[in-house]
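What follows is a set of notes on a single structure, which appears directly below.
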2 protein chains.
Amino acid sequence: MRAPPRARPVALNLEPRRERDAPALYRQIFDATRGAVLTGELAAGDRLPPERDLANRLGVNRTTVIRAYSDLATAGVVEARPGRGTLVRAPTPATRDQARSAAVTSIGARDQGPAWLIGLPPLGRANLGPDAGLLSDLAGTSGRPGLISFALGTPSPDVVPRQRLQEELVAALDECGAAGLGYGPVEGLPTLKATIAGRLAQRRVIASPEQVLVVSGATQGIALIAQSLIEPGDEVAVESPTYIGALQTFAAAGARLIGVPVDGKGVRVDLLESVLSRRRIRLLFLQPTHHNPTGTTVPPERREQLLAPSWRYGVPIVEDDAYGELWHEPPDPFPLKASDRHELVIHLSTFSKTVAPGLRVGYVAGPAALVRRLALAKQFSDLNTSALSQLALARFLAAGEYERHLHLVRAIYALRWATMLAALSGLANIDVSPHSKGGFYLWCRLDGALNARQIVAAAARRGVTLIAGEAFFPPGSGAPGDSHRWIRLSFSSASPEAIVEGIARLAVVLRRQPISIPASQIEGTQPLV
Amino acid sequence: MRAPPRARPVALNLEPRRERDAPALYRQIFDATRGAVLTGELAAGDRLPPERDLANRLGVNRTTVIRAYSDLATAGVVEARPGRGTLVRAPTPATRDQARSAAVTSIGARDQGPAWLIGLPPLGRANLGPDAGLLSDLAGTSGRPGLISFALGTPSPDVVPRQRLQEELVAALDECGAAGLGYGPVEGLPTLKATIAGRLAQRRVIASPEQVLVVSGATQGIALIAQSLIEPGDEVAVESPTYIGALQTFAAAGARLIGVPVDGKGVRVDLLESVLSRRRIRLLFLQPTHHNPTGTTVPPERREQLLAPSWRYGVPIVEDDAYGELWHEPPDPFPLKASDRHELVIHLSTFSKTVAPGLRVGYVAGPAALVRRLALAKQFSDLNTSALSQLALARFLAAGEYERHLHLVRAIYALRWATMLAALSGLANIDVSPHSKGGFYLWCRLDGALNARQIVAAAARRGVTLIAGEAFFPPGSGAPGDSHRWIRLSFSSASPEAIVEGIARLAVVLRRQPISIPASQIEGTQPLV
């Protein structure tokens, strides 16, 4: 024990934060003191200021300081000594560790939470990059007034059959009573599974109801497939570019993503074959129809070519068919699964794009043994998908409403697509990939002097949102040299008038944007689509 | 090339299966032939029977054989030679591998699916044991006529406020329009998060809306916590016994589960302390209130004791409070989170037990930094929870209906609890753990001569379902010697009349069950609760 005890003011950098979202004041004092013990500013035997003095100096209530000191005593950082005040204790190894972590969270730093949250690896050890929260951020922008969104991949509210779904919901609950609000089978309601199987048969996909698994949206389908078929470190081949959410969900499951370039007819089979022969790919994730973001559809002759290496190397294909039924020009392409004679294709789709995202209903169709395995993973993930949504959707599908609705929305999206294409055709410094015949998106390459992320930021300031193409390329693999020049424009959620206005705003941005990329960086680019 | 080509009948063991769920006949021929190539029954150069001959012998359509042969040719197993028929090809290394796997799936074996499904490890490499599909099987039994379920942990349909939820649903959709059917924020609707935060404050849990994450049921909460805080191989300490779904979801995430015994006051703090000091526990999963399956509630004095080692070793506690508001006898216990001054407790709850499982809405309340991390994991899992359910629930909560509903269901469950206790009191060979004052379950120990799994099977034959207690113990860790003697009885989903009838059926089973366990196995048992 050192004597005489020193008496220094605690935590010189303690400037209480009083914003609404700041930690409680007692907590700030606690953190600052514990942090000071770690850094050595305060040593064992040091005396904390008397409660009243510190309260006065900080301009806080005395009870606030009392609580902080009490917590510090409970935590073993200080001890109250009769007649001597509150003294810093010699840290035990455990509290020193905690203090070290706690220092990171001390006042001034962003709220990083309690010590036990420090030092955790990224989810699934994946390098999710700067766009990790992109889809979440996008969901938050929905409906902001004045904003024109070319970013959201969602049906606009005026296209969602709200009234009709509401009627089906009420009718379903009247019919099923409270059973419609109970736990349902993990695999999905039999009535919906049978309806989905029937609908698939119309598209030449043969699947019995037991080969169908209802999931809470296509994202859950990808997550369950990843959990069931992939172990951390396994390689998954994807189109480059591809759907951001698939990249993220596979990465979070620990997959290593190998990008295979696409051309105007979808994924390049020659390069896919090469990847399969050289690497140990466990799974292919493809969007053969109305690919997101490029809009390409694999033509019939290439579909057979696509299945051959998958069969030869025994690697299953996940076919994400989210946009498969949303074409702007006939003929309706059948799913890749319709050509699958060897149980190679796991068909995945959703009603989020065709009916309403809020239902959170999608499905997987594949071998019954796979469906059993996925159902187990689903049981461990969320037990089952909302029976309410399933009931409403089953009625909507069975009544023939779905077909009528598809006719309607195809016409609406075809108009928006044509409107956006026409509006863009007047712009000199942007090229539109010409292959989109369906889906929600146009994939565009900017003039070599323009940087997509800068354009996206500038457009947002003018009330137009879009997505920089880099987010769609698997990190570190297969991104072409011009990946920073691409943008994705969605025409699904804006009216034709809003599309014209939004492209006009974008045109201003494109004209005004200074040239910002050194010429050295734009050489050696290669056409992607 | 060998000459002359032999001509043996293909696949001697080919007896076409014609059950409804059997693979297509052409597929059976395909599999049998490919399997025979692998086993050596058929060698390169062998000639397959002419299509017509095989069709006659098997009693199938000729086109069926034609399709099978065509597929075999596509797969490189055979080739058609003009004038010589269909000959087996010399297998390439790739097709030999595939044939080896395919043989496993050939006719006679259970449908194990395509070759690429063979050889995968169990989900999360976890040993999920014989009860892996238990919760799924249970969900499937819901509503079977004549069946009395003491197995399901669900509110019975007559307790679910169906009419009221339907009204809130319609009102919500009228108010929000199609926006209520769109993508919502990953974290949950702001209105519901604020309502949950307000409700938590009434129970002395201080959480801002940004510290609340809406999840698709408590199971998803557990899954997200496991994905976010646990890496494969990490140790998670749980009560032994505990909720089956938690055991399974943590195991599927790769966690190693360490069981800590419970007594009449919940988890034993002395043993917990010992486990924490000896092992590297990353997370505690506890149900401090109305524990499933034992019904115990940790009393106030032990709650403080419980938090101390968690603080000392820097290990967060997941508090599963699914049954926290469902007590049969006052006083209402506050959540453990209400005593948490150091951000150690992650509070997890659900509206599945209190309102309706079909809503699929639960929530996590914890440090904002954790909520951000969980939200990212949720984004990769299912993007967001049904806005529809959230809207209806937010209205139900805000209107004060929730409080009124809780009053009602507490009275209903108290009556069922008392009815089941009274009915069981007449049985000689079953002891009821006396600690349940809330929740859905009674935890009962059978006479030493009885085996729970046999009783469960015999009861099911008499139309009563219950769960053998072994499923609630973490596999291979901490299960007491008498774990085979426990059963869990749920009184939540049967009327008082059905409870009396069901226990009467169980009484018959218990009286008639022969003594079936060697005395050596029932020695050394220890009281668990």
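Every number here is computed from the coordinates shown, using simple stated rules; none is lab data. It should be emphasised that the depicted structure is a prediction, and the values quoted were computed from it without experimental measurement. Using ideal geometry, Cβ is built from the backbone for each residue, glycine included, and neighbour counts are taken over all protein chains shown.
Exposure proxy check: A:328, B:407 ranked by fewest other beta carbons within 10 Å? Spell out each step's value before the answer.
On the way: A:328 19, B:407 10.
Least to most surrounded, the residues fall as B:407, A:328.
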Exercise. So if R0 is 41 Å, what FRET efficiency would residue B:170 and residue A:453 give, r being the distance between their Cβ atoms, rounded to the nearest 0.05?
Worked result: 0.40
Seminar exercise, completed: Other residues with Cβ under 14 Å from the Cβ of residue B:63 give, with Lys and Arg +1 and Asp and Glu -1, a net charge of +2
For this session: Show which lysines lie in cross-link reach of residue A:265 when reach means a straight Cα distance below 30 angstrom and same-chain residues fewer than eight apart are skipped.
Result: A:337, A:353, A:437
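List B:431, B:340 from most exposed to least, where exposure is judged by having the fewest other Cβ atoms within 10 Å.
Values: B:431 17, B:340 22.
Fewest-to-most ranking of B:431, B:340: B:431, B:340.
For each of A:176, A:444, count neighbouring Cβ atoms within 10 Å of the residue's Cβ, then give the residues from fewest to most. List each step's numbers first, then the result.
Values: A:176 20, A:444 23.
Final ranking by Cβ density, sparse to dense: A:176, A:444.
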Problem set entry | residue B:460 versus residue A:73: modelled label distance in nm, points set 7 Å from Cα along the beta carbon direction | 5.8
For this session: Could you give me the radius of gyration and the Dmax of the stretch A:353-438, taking only the C-alpha atoms into account and expressing both in angstrom?
Result: 19.1, 53
For this session: Starting from the Cα gyration tensor of the stretch A:161-399, take the square roots of the eigenvalues, sort them a ≥ b ≥ c, and report rounded, prolate or oblate (rounded when a/c is under 1.5, otherwise prolate if a/b is larger than b/c, else oblate).
Result: prolate
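Which net charge results when you count Lys and Arg as +1 and Asp and Glu as -1 among the other residues whose beta-carbon is under 14 Å from that of residue A:406? Don't jump to the answer; show the numbers that get you there.
Values: positive: A:164, A:199, A:203, A:353, A:404, A:410; negative: A:321, A:325, A:332, A:401, A:403.
Summing Lys and Arg as +1 and Asp and Glu as -1 gives +1.
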Exercise. Quick one: net charge of residue A:464's neighbours, Cβ under 11 Å, K/R +1, D/E -1?
Worked result: +2
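Kindly identify the stretch A:239-307 as rounded, prolate or oblate by the Cα gyration tensor criterion: order the square roots of the eigenvalues as a ≥ b ≥ c, call it rounded if a/c is under 1.5, otherwise compare a/b with b/c, prolate if a/b is larger, else oblate. Intermediate values should be presented prior to the final figure.
Values: a/c = 2.23, a/b = 1.23, b/c = 1.81.
Verdict is oblate for the stretch A:239-307.
What does the extension gain come out to for residue A:53 and residue A:20, with contour length at 0.36 nm per residue minus their alpha carbon separation? Working shown, then result.
Values: separation 33, 0.36 × 33 = 11.88 nm, distance 2.53 nm.
Gain in length upon complete extension: 9.4 nm.
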Problem set entry | For the stretch A:161-399: relative contact order, % (alpha-carbon pairs under 8 angstrom, 6 or more apart) | 30
Seminar exercise, completed: Once normalised by the length of the stretch B:343-472, the mean sequence separation of its alpha carbon contacts under 8 Å that are 6 or more apart gives a contact order in percent of 12
